[in-house]
Ligand code: SF4
Ligand code: SF4
């Protein structure tokens, strides 16, 4: 088996481990105080103007309405189209949206390569002249791949151009920003060239994926495609290790912070978690707290101040 | 504008001032404030030998300069130790998850800058960018507290030096943000620069014992010791309310007697006690409405339950918890069905939202904002209303704590639409409003020239919004009313209206919502709102 496949396996494992580790780190943190920010999408009819259940008289006696439709209406435009950026920073949106949407297309493309590889292993022909399923996979793969490459290459280039020339971000651009964009560009440009010069229907890319399933015992793959796949694999491993893991953490920003309006009721599970946190020992050293590392949160909060 | 760019790392480089602000850089205001002679004087603060004043042209904290190098080093060490504690679950469970995410995921895209009224009003001064302060903290944390930080911190975020200059400036910079979270609303990722301001203030207070005096010594400490940050003890507050009752009886023709410590009342009303001192017509109007509507209610004379303020919200989690626990204990002792918080945004948010995950068991007494409570009274028909008594231009300010941060948007609007025929909105409004510029404690901070800074910079956008809301009617012949249902916002609005002489020049008055309601009550003598500056 060639090194490229080993790199892809290792990258996939790194990706999974990094994502799981990040989720675990966030999930294992204690309950936090409420810090919501309106509009809260699941508020249903009130969501469009940013209202909350606090607008109701005796709100704690009313059933809490949680509108999934309304939440999806808030989430989907944000996830797919970066609505916040469209509304608040249009020049950046023109760069960032193609980049991100292009990556979504490439993720779809990778998914289609997996489906196509599995289908080929089941002896389904994929390509012009194939049956309906084979034909659909063939064209969808080309469409997703081409769109993804064009959009994300344009996006990455224009983001890099902004980083290097826009005085607004001057002073806020680190070496890592430039490196990250260049890493994306390198992988994308190699993929663009491979697409145009070597693999216009992505059949070789599909063969590479098929080889991943068969541990390298499949059709031969050109070195250009192997290079493309290695670069994409390295990116897959790298992204969740960096601040670019916001593809994942954005969920927490929205669901666990901005939209976390869960009220605490007597005897609730939430109350148990709060009680546990109130028992943590505290070691802040300001004189008015007199924390000694032994007294807990509740002790200090219920202590009389020196008169 | 050809101003010199101020970089994040510049904060560590000793100089007289990191930045200056000049009137010529401030964005223009609508007439009559388009003329320089109609603007308040801008008096930049000179450098001081005693007090740390090297950030900009004002001071909020007024940190004494350390006398020795050793003292400086010790303070730097303490800062770092406090910063480290922010990232431990024991010391900072209340905000650990939020802070960790915000620290790790800023894309440094500057989308948030345009949302900030302070940044805009300062003429886009780099130091007032929402992300500037956060970036300083992020770089210090990554360089000095993360493994391999000397290399990876610089690679990921850029360099910074940690020295006394950095800390002294950072301490002041923590008090150049209203914690209004308008910037967070626009962040495409969800990062919250206001949270970093909040956590930074906590490091100074909880670890180093440093905070703005108005918030700590004269604020939460005085409240916990005496009962109120106004200095009123239970006897004095009752006396003052007696005066208010007499005054209300005279003004309205109704007999008003505020009930104190009534066990088993339905409602414990908690005012911001500043109202009792500065705007007695507000608690007075509450009493009139509640009596007229036949509500079973009471005030508490328990320390500190007659003062709803909770400045801990802005700088110290423990001071916050100490006060909310006492508020809840007072309510529990009286056996009331619910607490209603008066017209004070930060008190409302503290008791209803933040305290929601502090108060457990029997202390978890239902708590409600004044807005839906008043809306119910107004629409229930229990009081008779004559909107023609409010036939003057009215606009509404949305207190950030109650609106953007609690989602209480419509009840106050429904009331105003019903009783004020000439109501008009500001642009933008609701959850997208601009802070009055007094948020996070600024409204009560006036040392040195900080009040001037508030008028010119943090309050500028709100003043502009008010002028625009009354466009075409700014003549002093037309009395106009800015309804601000929040004590702190009222304080800030009062200060800038006064500073710009807007009563004399434009006849703009400000006040709360209850005053408008009582002014419209047909069963009370007309003219509750007195059209004179106060
Ligand atoms: S806080 Fe958000 S909007 Fe502001 S610079 Fe960071 S990522 Fe951009
Ligand atoms: S919280 Fe408000 S004042 Fe502070 S940086 Fe953000 S927008 Fe500006």
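Laboratory data are not the source of any read-out in this text; all were calculated from the coordinates shown. None of these values were measured; they are calculated from a predicted model. Cβ coordinates were reconstructed from backbone atoms using ideal geometry, including for glycine residues, and neighbour counts include every protein chain displayed.
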Check: How big is the gap, in Å, between the Cα center of the stretch B:344-366 and the Cα center of the stretch B:401-454?
Finding: 21 Å
Notebook entry, point to check: What is the distance, in nm, between label points placed 7 Å from the Cα along the Cα-to-Cβ direction at residue A:165 and at residue A:303?
Noted result: 5.9 nm
Next item on the list: When a/c is below 1.5 the answer is rounded, else prolate if a/b is larger than b/c, else oblate, so apply that to the stretch A:1-123 with a ≥ b ≥ c taken from the square roots of the Cα gyration tensor eigenvalues.
Entry: prolate
Next item on the list: Please give the residues of the stretch B:91-131, grouped as numeric ranges, whose backbone N is less than 12 Å from a label point set 7 Å along the Cα-to-Cβ vector of residue B:24.
Entry: none
Next item on the list: Please work out whether the stretch B:99-213 counts as rounded, prolate or oblate from its C-alpha gyration tensor, where a ≥ b ≥ c are the square roots of the eigenvalues and a/c under 1.5 means rounded, while otherwise a/b larger than b/c means prolate and anything else oblate?
Entry: oblate
Check: Could you list, bin by bin from short to long, the percent of Cα-Cα pairs of the stretch A:92-244 in 5 Å steps?
Finding: 2, 9, 17, 21, 18, 13, 9, 6, 3, 2, 1, 0
Check: Nearest 0.05, what FRET efficiency do residue B:146 and residue A:24 give at R0 = 22 Å with Cβ-Cβ as r?
Finding: 0.70
Note to self: Quick check on chain A: what does the Kirkwood estimate of hydrodynamic radius come out to from the alpha carbon pairs, in Å?
What the structure shows: 23.4 Å
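Give, in whole angstrom and from largest to smallest, the semi-axes √(5λ) of the equivalent ellipsoid of the stretch B:229-375, with λ running over the eigenvalues of the Cα gyration tensor.
24, 16, 13
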Item checked: Residue list for the stretch A:87-119, given a label point 7 angstrom along the Cα-to-Cβ vector of residue A:139 and an amide N cut-off under 18 Å -> A:109, A:112-113, A:116
Check: Tell me, how many Å apart are the Cα centres for the stretch A:140-162 and for the stretch B:202-237?
Finding: 57 Å
Margin query: Nearest 10 degrees is fine. How inclined is helix A:3-27 to the longest principal axis of chain A, computing both from alpha carbons?
Written below: 10 degrees
Checklist line | Per-peptide average of other Cβ atoms within 10 Å, ordering B:460-466, B:144-150, B:486-492 highest first | finding: B:486-492, B:460-466, B:144-150
Next item on the list: Give the angle, between 0 and 90 degrees and rounded to the nearest 10, that separates the Cα long axis of helix A:68-81 from the longest principal axis of the Cα atoms of chain A.
Entry: 50 degrees
Check: Between the helical axis of B:193-202 and the dominant principal axis of chain B, each derived from Cα atoms, what acute angle in degrees is found, rounded to the nearest 10?
Finding: 80 degrees
Margin query: With the crude spin-label approximation of a point 7 Å out along Cα→Cβ, what separation in nm comes out for residue A:125 versus residue B:477?
Written below: 9.0 nm
Check: If we count other beta carbons within 10 Å of each Cβ, what is the order of B:455, B:471, fewest first?
Finding: B:471, B:455
Next item on the list: With label points built 7 Å along Cα→Cβ from the Cα atoms of residue B:238 and residue A:132, find their separation and express it in nm.
Entry: 8.6 nm
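Rounded to two decimals, what ratio of Rg to Rh does chain B give with C-alpha atoms and a Kirkwood Rh?
Using only Cα positions, Rg/Rh for chain B is 0.97.
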Margin query: Using a Gaussian network model on chain A with a 10 Å cutoff between Cα atoms, which of A:166, A:199, A:292 fluctuates the most?
Written below: A:292
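For residue B:257 and residue B:363 in the same chain, what is the full-extension length gain: residue separation times 0.36 nm, less their Cα-Cα distance, in nm?
Working it through step by step, the gained length comes to 35.3 nm.
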Notebook entry, point to check: Most fluctuating residue of A:95, A:206, A:46 in a GNM of chain A with Cα springs under 10 Å: which is it?
Noted result: A:46
Check: What is the order of B:266, B:307, fewest Cβ neighbours within 10 Å to most?
Finding: B:266, B:307
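Other chains' Cβ within 10 Å of A:292-302 residues: what's the mean?
What the average comes to for A:292-302 is 3.
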Note to self: Considering just Cα atoms, how many Å³ per residue does the convex hull of the protein assembly as shown enclose?
What the structure shows: 176 Å³
Item checked: Cα-based Rg of the stretch B:431-497 normalised by 2.2 N^0.38 Å, two decimals -> 1.13
Margin query: Can you tell me how the stretch A:162-260 classifies by the Cα gyration tensor, rounded, prolate or oblate, using a/c under 1.5 as the rounded cut?
Written below: oblate
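Within 10 Å, count the other beta carbons around each residue, average over each peptide in B:383-396, B:219-232, and list them highest first.
The packing order, highest mean first, is B:219-232, B:383-396.
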Note to self: Going by Cα centres, the stretch A:179-242 and the stretch B:126-166 are how many Å apart?
What the structure shows: 36 Å
Notebook entry, point to check: So for the stretch B:23-97, what percent of the C-alpha to C-alpha distances run longer than 16 Å?
Noted result: 70 percent
Notebook entry, point to check: What's the exposure ranking of B:103, B:254, going from fewest to most Cβ atoms within 10 Å?
Noted result: B:254, B:103
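Can you give the FRET efficiency to the nearest 0.05 for residue B:498 and residue A:72, using r as the Cβ-Cβ distance and R₀ = 41 Å?
For R0 = 41 Å, the calculated efficiency reads 0.25.
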Notebook entry, point to check: Given a Förster distance of 35 angstrom, what is the FRET efficiency for residue A:201 paired with residue A:241, based on the Cβ-Cβ distance and rounded to 0.05?
Noted result: 0.60
